[in-house]
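The values are calculated or read from the model by the stated rules, or taken from the named source; none is laboratory data. Since the structure is predicted, the reported quantities are computational estimates derived from the model, not experimental observations. Using ideal geometry, Cβ is built from the backbone for each residue, glycine included, and neighbour counts are taken over all protein chains shown.
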């Protein structure tokens with residue numbers, strides 16, 4: 001088949017056909033059709049389910065002394081203060097709250 005016939009038959013682009021052809025020529029069939037295994041290990045999550053639960057319970061509870069309500073910065077600082085995690089970004093707290101509340 002020509003490249004144009006392949007692109008029409010498989011609804012793809014000429015670039016994809018060329019990439020597959022090159023991969024097959026360099027690496028063989030198995031490497032071309034199978035996904036490559038990850039070389040670096042996964043980074044463990046800093047915020048686990050327990051930490052998420054603590055963040056939500058803090059946010060739903062009464063605010064810290066001298067403040068009317070919780071802010072994401074205050075929640076992040078309180079989680080570090082209470083030793084739930086070593087460090088925590090306010091953006092991570094915002095993401096947890098957006099996902100859970």
query = Taking the stated definitions as given, is residue 62 without any contact (Cβ under 8 Å) to a residue 12 or more places away in the chain and assigned to a loop (DSSP other than H, G, I, E, B)?
reply = yes
query = Any residue in the stretch 48-60 that is loosely packed, with under 10 Cβ neighbours inside 10 Å and more than 30 Å from residue 78 (Cβ to Cβ)?
reply = no
message = For the stretch 65-91, which positions are loosely packed, with under 15 Cβ neighbours inside 10 Å and part of a helix (DSSP H, G or I)?
response = 73, 80, 81, 90, 91
inquiry  = Going residue by residue through the stretch 21-34, is there one that turns out to be closer than 21 Å to residue 91 by Cβ, surrounded by 10 or more Cβ atoms within 10 Å (Cβ to Cβ), in contact with a helix residue (DSSP H, G or I) (Cβ under 8 Å, 6 or more places away or on another chain) and modelled with pLDDT under 95?
reply    = no
ask   = What are the residue pairs meeting all of these: first residue in the stretch 12-32, first residue farther than 14 Å from residue 2 by Cα, second residue not in a helix (DSSP H, G or I), Cβ atoms under 8 Å, and 6 or more apart or on different chains?
value = none
message = Take the conditions in a helix (DSSP H, G or I), exposed (fewer than 10 other Cβ atoms within 10 Å of the Cβ) and at pLDDT 95 or above and apply them to residue 94. Does it pass?
response = no
ask   = Which one of 57, 62 is within 22 Å of residue 91 (Cβ to Cβ) and either in contact with a helix residue (DSSP H, G or I) (Cβ under 9 Å, 6 or more places away or on another chain) or in the same structural domain as residue 86 (by TED's automatic domain parsing) (or both)?
value = 57
